[in-house]
Amino acid sequence: MDLTLLYRGPLASCDYDCPYCPFAKRRDSREQLRADRVRLERFADWATEQTADRLALLFTPWGEGLVRSWYRNTLTRLSHLPHIRRVAIQTNLSCRTDWLADADRDTLALWCTYHPGQTPYPRFLAKCRELVRLGIRFSVGIVGLPQHLEAARRLRADLPEEVYLWVNAAEGHTYDDAEADVWTALDPLFPYSRRPHASAGLPCRTGESVISVDGEGTVRRCHFVRAELGNLYDGSYRQALRPRPCPLTTCDCHIGYVHLETLPLYDVFAGGVLERIPAPAG
């Protein structure tokens, strides 16, 4: 089986307090952190044992994972397994980067987000340049708020041309054509993020070749549909995997709509769907 899994454990703590994020600056207790570590290691053990399958793994924690040693260790460990074709994580890149030298750089990738006002720009840019030096696959993105425009332009000018800079439409923000054109000049794929995608009744890979897993091992088709398909650890999810239309009216998050079969994004991001890296032009 060729399967993509999006894992989100109970970790909720983040070292940033972005005003546009409802999960910013949460504090996990020592017990909560211990529970998150136990659940992450259980998931990693499961993935390690699935040698008959071909897996791609994206970690999408509510909080910041890479400031925790167990996320760094897990990504490094999984990156060396031959049956895992990609392991990636969403991160604000506030962590140190030396651990990446021990990872398999053909397998590991990072989906990085720059949050102006949360970290000095030179510090973030220096970490991006270190990723380039280490040969790590990564994309960099920013939320498309008017006050972020100059920072986005600065990033695009300072990052190597081959590093994809993506722009997420800000939740609740409407873009007129002129404003959308400004962001599209920085990210040619911004039109896919600009508006929610109609999805009701449309075919989607989630629930068939893509699934979402929480810390208890509960499997759902994606993070946005609450219906359960079974449990990862008892194998009950497997009998539920099949093509199925989307039950929601719209899909407005990249980690969801990228899997819609009515959009060409598997071709656009061929080889880089999880880390949000487009295929090379041509």
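The values are calculated or read from the model by the stated rules, or taken from the named source; none is laboratory data. Just so you know, these numbers come straight off a predicted model, no measurement behind them. When we count neighbours, we look across all protein chains shown, and the Cβ atoms used for this are built from the backbone with ideal geometry, even at glycine. Just so you know, the surface numbers come from the protein's heavy atoms only, side chains and all, with ligands and any DNA or RNA stripped out. Shrake-Rupley method; radii C 1.70, N 1.55, O 1.52, S 1.80 Å.
From 123, 194, which residue is open to solvent by 50 Å² or more (accessible area, probe 1.4 Å), of a type in the set (Lys, Arg) and over 17 Å from the mean Cα position of the chain (by Cα)?
Values: 194 fails: open to solvent by 50 Å² or more (accessible area, probe 1.4 Å).
Every option except 123 fails the conditions.
Residue 265 versus (1) at pLDDT 95 or above; (2) in contact with a Lys or Arg (Cβ under 8 Å, 6 or more places away or on another chain); (3) under 25 Å from residue 53 (Cα atoms): which is the lone unmet condition?
(2)
Kindly establish whether residue 213 is closer than 24 Å to residue 47 by Cβ and either at pLDDT 95 or above or not acidic (Asp, Glu) (or both).
yes
Condition first: farther than 22 Å from residue 11 by Cβ, buried (at least 19 other Cβ atoms within 10 Å of the Cβ) and touching a Leu at 6+ places or on another chain (Cβ under 7 Å). Can you find one or more residues in segment 261-277 that meet it?
Looking through segment 261-277, none of the residues is farther than 22 Å from residue 11 by Cβ, buried (at least 19 other Cβ atoms within 10 Å of the Cβ) and touching a Leu at 6+ places or on another chain (Cβ under 7 Å).
Out of segment 251-282, which residues are more than 21 Å from residue 219 (Cα to Cα) and either assigned to a helix (DSSP H, G or I) or among the polar types (S, T, N, Q) (or both)?
Residues satisfying the conditions are 262, 265, 266, 267, 268.
If the Cβ limit is 9 Å and pairs must be 6+ apart or interchain, which residue in segment 256-282 that is on the phi < 0 side of the Ramachandran plot pairs with which residue that is open to solvent by 40 Å² or more (accessible area, probe 1.4 Å) and among the acidic types (Asp, Glu)?
279/267; 280/162
Would you mind stating whether residue 105 is touching a Gly at 6+ places or on another chain (Cβ under 7 Å) and surrounded by fewer than 16 Cβ atoms within 10 Å (Cβ to Cβ)?
Yes; evaluated as a whole, the condition is true for this residue.
If you take the residues of segment 205-245 that are among the basic types (Lys, Arg) and surrounded by fewer than 22 Cβ atoms within 10 Å (Cβ to Cβ), which of them is nearest to residue 140 (Cα to Cα)?
205
Looking only at segment 31-66, count every residue that is modelled with pLDDT of 95 or more, part of a loop (DSSP other than H, G, I, E, B) and surrounded by fewer than 21 Cβ atoms within 10 Å (Cβ to Cβ) and tell me the total.
Here the count works out to 5.
Filter segment 169-206 for residues that are modelled with pLDDT of 95 or more and among the charged types (D, E, K, R); which is farthest from residue 145 (Cα to Cα)?
Residue satisfying both the conditions and the ranking: 205.
Can you tell me which of (1) modelled with pLDDT of 95 or more; (2) open to solvent by 40 Å² or more (accessible area, probe 1.4 Å); (3) under 19 Å from the mean Cα position of the chain (by Cα) is the one residue 3 doesn't meet?
(2)
Sort out which residues of segment 67-78 are of a type in the set (A, V, I, L, M, F, W, C) and open to solvent by less than 40 Å² (accessible area, probe 1.4 Å), and write them in order of number. Lay out the reasoning, then the answer.
The initial filter retains those residues of segment 67-78 that are of a type in the set (A, V, I, L, M, F, W, C), namely 67, 70, 75, 78.
70, 75, 78 - these are the residues of segment 67-78 that are of a type in the set (A, V, I, L, M, F, W, C) and open to solvent by less than 40 Å² (accessible area, probe 1.4 Å).
Somewhere in segment 153-169, is a residue more than 26 Å from residue 265 (Cβ to Cβ) and open to solvent by less than 60 Å² (accessible area, probe 1.4 Å)? Show your work before the answer.
From segment 153-169, those more than 26 Å from residue 265 (Cβ to Cβ) are 154, 157-158; that's our starting set.
Filter once more, so that each one left must be open to solvent by less than 60 Å² (accessible area, probe 1.4 Å): 158.
Yes, some residue in segment 153-169 is more than 26 Å from residue 265 (Cβ to Cβ) and open to solvent by less than 60 Å² (accessible area, probe 1.4 Å).
Assess whether residue 42 counts as being more than 26 Å from residue 207 (Cα to Cα) and not aromatic (Phe, Trp, Tyr).
Against the criterion (more than 26 Å from residue 207 (Cα to Cα) and not aromatic (Phe, Trp, Tyr)), residue 42 does not qualify.
So in segment 82-100, with the set limited to residues that are open to solvent by 40 Å² or more (accessible area, probe 1.4 Å) and more than 16 Å from the chain's Cα centre (by Cα), which one is nearest to residue 35 (Cα to Cα)?
Per the stated criteria, the residue is 96.
Failed condition for residue 239, given (1) among the polar types (S, T, N, Q); (2) outside any strand (DSSP E or B); (3) under 22 Å from the mean Cα position of the chain (by Cα), with all others met?
(3)
Among the listed residues 248, 202, identify the single one that is touching a Cys at 6+ places or on another chain (Cβ under 8 Å), touching a residue at least 24 places away in the same chain (Cβ under 8 Å) and open to solvent by 30 Å² or more (accessible area, probe 1.4 Å).
202
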